[in-house]
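Structure first, then comments.
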Amino acid sequence: MTKKDSLYFSNFIESAEVSCEAAYALRKILCDFSVDTLPENKALLHEIEHKGDNKRHEMTNVLVRAFITPIEREDMLKLSQYIDDVTDCIEDILIRIYINNVTGIREDSLEFIDIVIKCCEAMKEMLEEFPNFKKSKKLGELIIEINRLEELGDDMYVKCMRTLHTTSTDPLEIIAWREIYEFMERCCDTCENVADIIESIVIGNT
């Protein structure tokens, strides 16, 4: 692999690391939840999201100047965008908590965010393996693992929504948490989008 090619793959890994950082930060915010510190925590998570944007911009700027790329530039742009979408979705969870004026965290949301973290960690591991995509057997296993985790996220979404609608009588709480759970599920979906484009790239280049 050339030094230039290495730069592309490193960017993908670093972008996934930002997604993991955002997921870890959100887990801590939810565990130590306080309405008083919500504005500063929202700003903290936005700083992390901005790092993800910068990684995507870096990729775009390099691809604009590149003459030859290791894989189709359209695929690389799409992959970069999908990884950034994961970080965006994580920030969106906290934004929904903020704008809906949530004052307490439901216990099952912590279980749900743990699934999101596992999705992000598996995505990062998959991107670390991605440079070896022409020979790697582990890459396929990681794609399958992300698909499995996404299905766990779907099941968790159904469980959380069922519990919400059978235990809460406050319509505002129901509206707020429906949105929050939807964005948690969307985080898992976006990780699967990353796995899907990786799988597509592997099929198209081997």
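What to note about this one:
- Rounded to 10°, Cα long-axis angle of helix 3-31 versus longest principal axis of the chain: 10 degrees
- Rounded to whole numbers, the Karplus 3J(HN,Hα) couplings from phi for segment 122-133 are 5, 5, 4, 4, 4, 6, 5, 7, 4, x, 9, 4 Hz, using 6.51 cos²θ - 1.76 cosθ + 1.60 with θ = phi - 60°, and x at Gly and Pro.
- Mean residue ellipticity (222 nm) of the chain, computed from DSSP H runs ≥ 4 via -39,500 (n - 2.57), nearest 500: -30000 deg cm²/dmol
- In degrees, nearest ten, helix 73-99 long axis to first principal axis of the chain (Cα): 10 degrees
- If a spin label sat at a point 7 angstrom from the Cα of Ile175 along the line to its beta carbon, the backbone N atoms of segment 101-119 nearer than 20 Å would be those of 101-106.
- Peptides 84-91, 153-160 ranked from most to least packed give 84-91, 153-160, packing being the mean of other C-beta atoms within 10 angstrom over each peptide's residues.
- Aspartates and glutamates with Cα under 14 Å of Lys51, excluding same-chain neighbours fewer than 8 positions away: Glu14, Glu17, Glu21, Asp84, Asp85, Asp88, Glu91
- Highest mean packing first, where packing is the average number of other Cβ atoms within 10 Å per residue, the peptides 100-108, 193-201, 120-128 line up as 120-128, 193-201, 100-108.
- For segment 95-176: rounded, prolate or oblate by the Cα gyration tensor [a/c cutoff 1.5]: prolate
- The charge dipole of the chain, taken about its Cα centre with unit charges on the Cβ atoms of Lys, Arg (+1), Asp and Glu (-1) only, comes to about 660 debye.
- Principal-axis tilt of helix 38-65 within the chain, Cα atoms, nearest 10 degrees: 20 degrees
- Sparsely packed loop sites in segment 52-131 (the chymotrypsin sites (Phe, Trp or Tyr not before Pro) outside DSSP H, G, I, E and B with at most 15 other Cβ atoms within 10 Å) comprise Phe67.
- Given the alternatives [x] 0.92; [y] 0.98; [z] 1.08, Cα Rg over 2.2 N^0.38 Å as computed for this entry is given by [z].
- Förster radius 35 Å - calculated FRET efficiency between Asn54 and Lys159 (Cβ-Cβ, nearest 0.05): 0.45
- For the pair Tyr24 and Glu40 in one chain, pulling the backbone fully straight at 0.36 nm per residue adds 4.2 nm over the alpha carbon distance.
- Summed residue charge, Cβ within 12 Å of Asp84's Cβ, Lys/Arg positive, Asp/Glu negative: -3
- Near Glu121, once Lys and Arg are set to +1 and Asp and Glu to -1 for all other residues with Cβ below 11 Å from its Cβ, the sum equals -3.
A short reminder: the numbers here are calculations on the coordinates, not readings from a lab. Note that the coordinates shown come from a computational prediction; the quantities given were computed from them, not determined experimentally. Here the Cβ is made from the backbone with ideal geometry for all residues, glycine too, and neighbour counts use every protein chain on show.
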